[in-house]
């Protein structure tokens with residue numbers, strides 16, 4: 001048999017670009033670079049990842065972000081809301097009217113960040129804080145929609161339990177599941 005004319009591969013154990021971290025593609029404003037810790041970290045439940053979602057009142061996910069398990073949810077609020085920001089258009093709001101979150105987001109820094117962007121907040125106060133008299137209980141009850149959305153997506157085994165090593169692959173898997181869910185909803189509407 002004659003020798004192959006194909007180029008020889010890389011030596012075993014050597015990566016193509018060892019210095020280059022993987023990047024989730026797309027528009028430049030939405031690209032995600034792989035974090036050094038791969039969004040993996042220890043928490044009470046063990047070694048894991050936290051997923052942060054932003055959704056609208058209809059349960060449509062607008063943004064996804066992954067952080068290590070030990071990182072507090074409030075530290076990812078600005079990042080995930082910036083990913084859900086709409087492009088500038090005349091006559092349209094860039095930010096949502098209100099953000100509903102649980103007591104874990106009741107910090108002065110978060111309230112200040114939302115106030116600077118003219119976003120209303122529906123966040124209950126913690127026990128160690130003075131009570132907010134303007135808190136809207138009816139709007140806060142609608143926050144259950146995000147809990148339902150998380151439940152729907154956690155039914156997918158690959159989303160409920162992270163199997164991917166790279167965080168960008170895990171976020172991409174969430175995006176594929178979100179797109180599949182949207183197509184399923186819209187195709188159902190088109191058939192009727």
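Fewest first, what order do 134, 49 take by the number of other Cβ atoms within 10 Å? Present the calculation step by step, with values, prior to reporting the outcome.
Values: 134 7, 49 20.
Starting with the residue having the fewest Cβ neighbours, the order is 134, 49.
Given 20 °C and 1.002 mPa s, how large is the Stokes-Einstein diffusion coefficient of segment 144-192 in µm²/s, with Rh as the Kirkwood radius over Cα pairs?
Numbers: Rh = 11.9 Å.
It diffuses with D of about 180 µm²/s by this estimate.
Report the extension gain between residue 36 and residue 143 in nm, rounded to one decimal, defined as 0.36 nm multiplied by the number of residues separating them, less their alpha carbon distance.
On the way: separation 107, 0.36 × 107 = 38.52 nm, distance 3.27 nm.
Going from the current span to full extension adds 35.3 nm.
Would you kindly state how much longer the chain becomes between residue 180 and residue 93 on full extension, computed as 0.36 nm times their sequence separation minus their alpha carbon distance, in nm to one decimal? Provide the component values of the computation, followed by the final result.
Numbers: separation 87, 0.36 × 87 = 31.32 nm, distance 2.70 nm.
My answer for the length gained is 28.6 nm.
Starting from the Cα of residue 165, step 7 Å along the direction of its Cβ; do the same at residue 70; then give the gap between the two resulting points in nm.
So the two model labels end up 2.2 nm from each other.
Values in this text are rule-based calculations from the coordinates and carry no lab data. What you see is a predicted model; the values in this text were computed from it and never measured. In this analysis, Cβ positions are derived from the backbone assuming ideal geometry, glycine residues included, and neighbour counts consider all displayed protein chains.
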